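**Student:** This is the structure, below, for whatever I ask next.
The values are calculated or read from the model by the stated rules, or taken from the named source; none is laboratory data. On a predicted model such as this, the values are computed, not experimentally measured, just so you know. Quick reminder, even Gly has a Cβ in these numbers, built from the backbone with ideal geometry, and neighbours come from all protein chains shown. Surface accessibility is based on the protein's heavy atoms, side chains included, excluding ligands, DNA and RNA. Shrake-Rupley method; radii C 1.70, N 1.55, O 1.52, S 1.80 Å.
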Amino acid sequence: MQVELNVNYINTFIAASPDTKAKVGSVPPAHAGKRSIAQIEYELIAPHPYKQTQEEVQFAVHIERTGIMPLQRQAKRNELWSAFFSKPMACMRTSPLAKSYGWGLHFNEKGEVALVPIGSAQYQQLLNNSAIEQTRAMRSKRQ
């Protein structure tokens, strides 16, 4: 019997990295070639706040970056999901959105995520809310 681990954050605010240079939340820029992880995460979360969990976002990024075709995604979703989450992986504290682009990540009571721009009133409210778990995104550079 395989035990599935739930790695979603619940009632948690991930503040921007302490070493971020961002002063406001910004849309990750386009680059030549493949879309970046930051772009994909932004496009998944920004237009649909509190609709997806960390696991769903990470899985969607993985699927897009590996080029798995839509029909294969549907037919083998459970198998692909199990294979993806069978290996240890970084959480969204490593997201470039929170490390470089000026976004906080708020996870509600269902574990669904929304982006909160640094410097906004909502960001300050969440940062000062002792009723939710507080953490920060990982630093971009080692200390």
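**Student:** Please name all residue pairs, on different chains or six or more residues apart, with Cβ atoms under 6 Å, provided the first residue is in segment 105-120 and is under 9 Å from Tyr9 (Cα atoms) and the second residue is among the hydroxyl-bearing types (Ser, Thr, Tyr).
**Tutor:** Pairs found: Phe107/Tyr9; Phe107/Thr12; Asn108/Tyr50; Gly111/Thr53; Glu112/Tyr50; Glu112/Thr53.
**Student:** What helices (runs of 4 or more DSSP H) lie completely within segment 55-120 and have 2 or more residues being open to solvent by 50 Å² or more (accessible area, probe 1.4 Å)?
**Tutor:** Here the list reads 70-75, 77-85.
**Student:** Next question, about the same structure. Counting only residues that are small (Gly, Ala, Ser) and touching a helix residue (DSSP H, G or I) at 6+ places or on another chain (Cβ under 7 Å), which one in segment 37-90 is modelled with the highest pLDDT?
**Tutor:** Ala38
**Student:** Let me ask another. Which one of Pro70, Pro47 is over 10 Å from the mean Cα position of the chain (by Cα) and within 24 Å of Val7 (Cα to Cα)?
**Tutor:** Pro47
**Student:** So for segment 125-138 (the condition being assigned to a helix (DSSP H, G or I), surrounded by fewer than 13 Cβ atoms within 10 Å (Cβ to Cβ) and either out of contact with any strand residue (DSSP E or B) (no Cβ under 9 Å at 6 or more places or on another chain) or not aromatic (Phe, Trp, Tyr) (or both)), does at least one residue qualify?
**Tutor:** yes
**Student:** Still on this structure, I have one more. Just need a number here: residues in segment 27-43 that are open to solvent by less than 60 Å² (accessible area, probe 1.4 Å) and either under 10 Å from Leu115 (Cβ atoms) or in contact (Cβ under 8 Å) with a residue 60 or more places away in the chain (or both).
**Tutor:** Total satisfying the criteria: 5.
**Student:** Would you mention how many residues in segment 91-138 are under 12 Å from Ala16 (Cα atoms) and in contact with a helix residue (DSSP H, G or I) (Cβ under 8 Å, 6 or more places away or on another chain)?
**Tutor:** Going through segment 91-138 one residue at a time, the tally reaches 19.
**Student:** Can you name the residue in segment 47-62 that is in contact with a strand residue (DSSP E or B) (Cβ under 7 Å, 6 or more places away or on another chain) and of a type outside the set (S, T, N, Q) and is also farthest from Lys110 (Cα to Cα) among such residues?
**Tutor:** Here the answer is Val57.
**Student:** Sticking with this structure for a sec: Within segment 22-42, count every residue that is in contact with a Lys or Arg (Cβ under 8 Å, 6 or more places away or on another chain) and in a helix (DSSP H, G or I).
**Tutor:** 2
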